[in-house]
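Student: Would you mind keeping the following structure in view while I ask a few things?
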Amino acid sequence: MEAIVLQLLSGLDGGSAYALIALGLTLIFGTLGVVNFAHGALFMIGAFCTVTLQRILTLSHTVIDDTQKDFLGNPLKVQVPYIQDWVGESAAASIIDWSVPLAILFAIPVMLLIGIIMERGLIKHFYKRPHADQILVTFGLAIVLQEIIKYFFGANPIPAPAPDAFKGSFDFGVLLGFDPNVIIYPYWRLVYFAFAAIIIAGVFAFLQFTTFGMVVRAGMADRETVGLLGIDIDKRFTMMFGLAAVVAGLAGVMYTPINSPNYHMGMDFLVISFVVVVVGGMGSLPGAVLAGFVLGILQSFASMREVIEFLPGINQVVIYLAAIVILLTRPRGLLGKRGVMED
Amino acid sequence: MSKSNFTRRGLLKTSAVAGGAALAAPRFFSPSWADGHAGYLNAPQGDTVTLGFNVPQSGPYADEGADELRAYELAVEHLNGGGDGGMMNTFSSKALTGNGILGKKVEYVTGDTQTKPDAARASAKSMIEKDGAIMITGGSSSGVAVAVQALCQEAGIIFMAGLTHSNDTTGKDKKANGFRHFFNSYMSGAALAPILGNAYGTNRKAYHLTADYNWGYTTEEAVRTSTEAMGWETVAAVKTPLAQTDFKDYVAPVLQSGADVLVLNHYGGNMVNSLTSAVQFGLREAQANGQDFQIVVPLYSRLMAKGAGENVKGIFGSTNWHWSLTDEGSKAFVKSFGEKYGFPPSQAAHTCYVQTLLYADAAERAGTFNPCGIGEALEGFEFDGMGNGPTLYRAEDHQCFKDVLVVKGKENPSSEFDLLEIVEVTPAAQVTYDASIFGGELGTCNPGA
């Protein structure tokens, strides 16, 4: 029983990342009709917003310390962050310690800008082109973006730890009446799950309860009619692309303490996120979220030692097997709508 | 002490055998390769000789590849008489004089392995066919090393392996034209086990997470064999996909398994991510079976440890070489490299630099670039002054036998490079094994023409 609860938690945790990325993908597909293979790169750029902020906060000047030696036996050059000179050592350490949550504030305008530039500068020219062209150009863009990141940050992962207050694990089992130390789960992963839930709820609330959201939903249902009513739907869809970029970016920012950022992390998520979108139903936002969590939980259970021993290799294919079964029984996906990508 | 086993009679004998084998064996390369040879493939014409440095310049190990390339460039500079000479000053063999190799100025071409066997073979083939490379060296993966080694054997070119840790490279997949200076999984297990026994006791239950490919299997087997021999029990060994990025699903059940040690048979990004997950799940602070829970990383790389940040603190592993060694060879190399590039070299850089010097030295002692002559000069060659103490290039499997370093993540690093501390230098004798245990046949050397 403990093992099942633990894998369920793990699945919800993994599913929250899938759901966040798939949500952004579906937003773009639902509004602009574009299959955006650069979406994983936006997730990766979000993660590197954290790294960039860390580097800004730790911009340093050099102080020679004659009491210590470097690896060549010369006096050690100690790097002292400028921020330490301005606010003092302990305040500077606290600010640097909280760089991941602070990066949320940094990433929102950066990702919005990147999203809008991407849409206006490149992707809008492909609206009327076949999906294959869109896939090729966005996939190419993804490669360009990851190579740019690699050029500036290198190929190795860069650690971006969670604030000290969120290090360690929470004894979840005690809450559920189990013995202590049976079901423990890292604080930051619980934070990530809660963060994902808030973002998902925020996006749905934005679309459901604001006039902007209502117009966007109307445009998703019937773009031409909304245009005939004199509403500039293109401008709103551009904003939705920016919003999707922000969602992907924030997913990346908060993911950095879970896995050290590297230039390839977007590609690692991309394929699986497309499976999530297809399984959820093309263009369905609730479908993307539901499929994200369902597939996350399935993957978690398939990774159990007992399952792998019974079905070797199942952990590597379970998501694709589930996708095949779901699409055979429900060809439009879990919550897909008639007419989407069927013309 | 240096010793050359190369003799004119030996070369003639080997060449005759290789010639017969070459006639009998199907040819992989086009016959046009034989053009302009002087008894062996790509015999240098004119006053230069070209070496082929095949390293990952793109892909996940690109930073390691960049460090390898720096080391190769430094080695070429030293061979051509530039810089301070580095390890040429401490190398026990004095055949290298800074006048290139056999009087020919050393030039080089580079290829990008992408850490993919197919791409690595293609780049090696291109360097051999188009650039006339006389020797291929480099790489950061056993899959790549085995693939390129096989290609060099078919082509008739010497392959001096870079970073490759699988037993198979000089075990079941060994080739007469291939040579490895780097240590292997067996040696990691043999060096680590006594240290782990002393630190954690012999009554331990281990849980292995193993990367699902060749290197992972051999490392798991080596660590299991040596730890079980001293009394540890293996409660589970789970294969993890090589492309896995988040290891939470694999780490979460570890505490409930009854294990009190987690062994991460992972390298590179896998190691960074699995170790991060293990630390996040509180395994370093956990108690199991009345003992502190422990984590072990059999193969450490400083470049990779940097990615894991403070998660490496206090965690045992093994490494081929570390810049903090204080022998004269290591100090000379660190000084040369550090002054040229501004930071200390990695173990990948060290093994690549040493391999280049060993190749050049073998050519000088053999008096030829003929792969069979160089092979004979390397087989059974004993040397010192290259950073690992007295070393033997064993003739039976072309594996170097030297001291192995057991290291631990440093608790209080003084700089971004100061991540690992050396816990013990395990003597070569303790990690030496019978060449036959991993199977495979060296075959005969192929001069390629």
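Throughout, read-outs are computed from the coordinates displayed, never taken from laboratory work. If you're wondering where the values come from, they're calculated on a predicted model, not measured in any experiment. Glycine gets a Cβ as well: all are built from the backbone with ideal geometry, and neighbour counts include every protein chain shown.
Student: Only helical DSSP H runs with n ≥ 4 go in: add -39500 (n - 2.57) per run for chain A, normalise by residue count and round the 222 nm mean residue ellipticity to 500 deg cm²/dmol.
Tutor: Here the helix-only value at 222 nm equals -22500 deg cm²/dmol.
Student: May I ask for the percentage of alpha-carbon pairs in chain B that lie more than 36 Å from each other?
Tutor: Looking at chain B, the distances longer than 36 Å represent 25 percent of pairs.
Student: While we're on this one: Trypsin sites (Lys or Arg not before Pro) within segment B:58-121: which are DSSP loop residues with at most 16 other Cβ atoms inside 10 Å?
Tutor: B:Lys94
Student: Please identify the cysteines of the protein assembly as shown that lack any partner cysteine with a Cβ under 4.7 Å from their own Cβ.
Tutor: Cys with no partner Cβ under 4.7 Å: A:Cys49, B:Cys152, B:Cys352, B:Cys400.
Student: Continuing with the same structure: Relative contact order (percent) for chain A, with alpha-carbon contacts under 8 angstrom and 6 or more residues of separation?
Tutor: So the answer I get is 34 percent.
Student: In segment A:288-343, what trypsin sites (Lys or Arg not before Pro) fall in a loop by DSSP, with at most 13 other Cβ atoms inside 10 Å?
Tutor: Answer in residue order: A:Arg338.
Student: What list do you get for B:Met160, A:Met282 if you sort them by fewest beta carbons within 10 Å?
Tutor: A:Met282, B:Met160
Student: Please express the shape of chain A as an equivalent ellipsoid: the semi-axes are the square roots of 5 times the eigenvalues of the C-alpha gyration tensor, given largest first in whole angstrom.
Tutor: Values for chain A, descending: 37, 28, 19 Å.
Student: Now a separate question. Taking only C-alpha pairs under 8 Å that are 6+ residues apart, what is the relative contact order of segment B:186-319 in percent?
Tutor: Here the relative contact order equals 26 percent.
Student: Enter the Cα centre distance for the pair segment B:133-199 and segment B:356-413, rounded to the nearest angstrom.
Tutor: Cα centroid to Cα centroid, the span is 12 Å.
Student: So if I take the centroid of the Cα atoms in segment A:77-134 and the same for segment A:1-56, what is the distance between those two points in Å?
Tutor: About 16 Å separates the Cα centre of segment A:77-134 from the one of segment A:1-56.
Student: In what order do A:Arg330, A:Arg236, B:Arg365 fall by count of nearby beta-carbon atoms within 10 Å, going from fewest to most?
Tutor: Result, fewest neighbours first: A:Arg330, A:Arg236, B:Arg365.
Student: Over the Cα atoms of segment B:186-319, Rg to Rh with Kirkwood Rh, two decimal places?
Tutor: 0.91
Student: Now a separate question. Any of B:Lys94/B:Lys331; B:Lys175/B:Lys331; B:Lys205/B:Lys408; B:Lys116/B:Lys306; A:Lys128/B:Lys116 with alpha carbons more than 29 Å apart? Name them for me.
Tutor: Violating the 29 Å limit, Cα to Cα: B:Lys175/B:Lys331; A:Lys128/B:Lys116.
Student: Around B:Glu411, with a cut-off of 13 angstrom between Cβ atoms, what is the net charge of the other residues, counting Lys and Arg +1 and Asp and Glu -1?
Tutor: +1
Student: Let me ask something else about it. For B:Leu102 and B:Lys172, what is the calculated FRET efficiency with R₀ set at 30 Å and r taken between the beta-carbons, to the nearest 0.05?
Tutor: Using R0 = 30 Å, I get an efficiency of 0.30.
Student: Follow-up question, since we're still on this one. Give me Rg over Rh for segment B:69-139, both radii from the alpha carbons and Rh done the Kirkwood way, two decimal places.
Tutor: Using only Cα positions, Rg/Rh for segment B:69-139 is 1.04.
Student: Out of A:Ile198, A:Ile149, A:Ile158, any idea which swings most in a Gaussian network model of chain A, alpha carbons joined below 10 Å?
Tutor: A:Ile198
Student: To test your reading of the geometry: what angle, between 0 and 90 degrees and rounded to tens, separates the Cα axis of helix A:233-255 from the longest principal axis of chain A?
Tutor: Between helix and principal axis, roughly 40 degrees.
Student: In angstroms, what radius of gyration and Dmax does the protein assembly as shown have, counting Cα atoms only?
Tutor: 28.4, 95
Student: In a Gaussian network model over chain A where Cα atoms closer than 10 Å are linked, find which of A:Leu136, A:Leu228, A:Leu328 has the largest mean-square fluctuation.
Tutor: Highest fluctuation among the options: A:Leu228.
Student: Based only on Cα atoms, what Rg/Rh ratio does segment B:123-169 have, Rh being taken as Kirkwood's radius?
Tutor: With Rh from the inverse mean 1/r over Cα pairs, Rg/Rh is 0.96.
Student: Determine the shape class of segment B:78-233: with a ≥ b ≥ c the square roots of the Cα gyration tensor eigenvalues, call it rounded for a/c under 1.5, and otherwise prolate if a/b is greater than b/c, oblate otherwise.
Tutor: Because a/c hits 1.5 or more and a/b fails to exceed b/c, segment B:78-233 counts as oblate.
Student: Can you give the calculated 222 nm mean residue ellipticity of chain B, where each DSSP H run of n ≥ 4 adds -39,500 (n - 2.57) and the sum is split over every residue, rounded to the nearest 500 deg cm²/dmol?
Tutor: Roughly -11500 deg cm²/dmol at 222 nm, from the helical runs in chain B.
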